[in-house]
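These notes are about the structure you will find just below.
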Amino acid sequence: MSNHSKRIIKHPEGLEKAIEAVEEKLDVEDYIFEHIDLIYHKLEQCDLRAKKAENDGNQRYQCDMMFIAESLPVISAIIQVGSKLENYNSAKKWVRDELPDADAVSVLSALTFLYIVGMGQGEHENSTYVIEYPGLGKVNKRDIWNRISERVNRRFLSLGESANAAPIQSPEPLDKLSNGTESKSQFNIHESYAAVVSDASTKI
C-alpha cells in the first residue's frame, strides 16, 4: 500500500497492464507521486517545444517524434531510479515470460509512459490553468495533456505488434533531464516502444 498522500487521479480505461506494471511489478507509484509535478512539467515542456516546432512549419509526425524522443529519458529515469533492483528484475522477467522477442525494458518504459500520460490527462481534464510559452502565447494545461495523449496514441498504439526493440540508455536524475538537447540514439529509440506497446497492453 502506498504511503504518500493520494492525489485525485483518474486512470482511463484500457490501461490495466500499465497500472499493473507501474504499481505492482515495478512498484514505482510512490516515486512517481513524489515527483509528479516535476514529471508533468518536463513532459509539458517537451510537448510545447514540439507544438512550437509544428507551428514553425514542421510536419506533425516529426513533432510527435520530437516529443517522444525528449520524453523517453524522463520515463527511463523513473524506472531505473525509482524501482528497487529486485522489483526491476522481476518486472523484466514478467515481460519476457509473455513477450520473449521484445526488449523487456522498452516494454516497461512504454507502459510507464502510458500510465503517466493517463494520469496527466485525467488530472488535467477540467483544468483552467493557463501557462505562457514563447511563440505560443497562453496555453491551457487541459489542451497540453489532450495533445500529449494524442501524440502517444498516434505514435505508440497505432503501430505494429512486433519488433526487435533496442536497449535504453542509462538515465540521469530527473532534475538533469529534458533540457531540449537529446542525442540521436535517444531520438530514434521511440520506435522500439511504439512497436511493442500494443502487445504489452493486450497480451501480458
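The values are calculated or read from the model by the stated rules, or taken from the named source; none is laboratory data. If you're wondering where the values come from, they're calculated on a predicted model, not measured in any experiment. Virtual Cβ from ideal backbone geometry, glycine too; neighbours counted across all protein chains shown.
Counting the residues of the range 135-150 that are assigned to a helix (DSSP H, G or I) and at pLDDT below 95 gives 2. For the structure I just gave you, tell me whether Asn126 is at pLDDT 90 or above, farther than 20 Å from Ala53 by Cβ and surrounded by 16 or more Cβ atoms within 10 Å (Cβ to Cβ). Considered against the rule, which asks whether it is at pLDDT 90 or above, farther than 20 Å from Ala53 by Cβ and surrounded by 16 or more Cβ atoms within 10 Å (Cβ to Cβ), Asn126 comes out as no.
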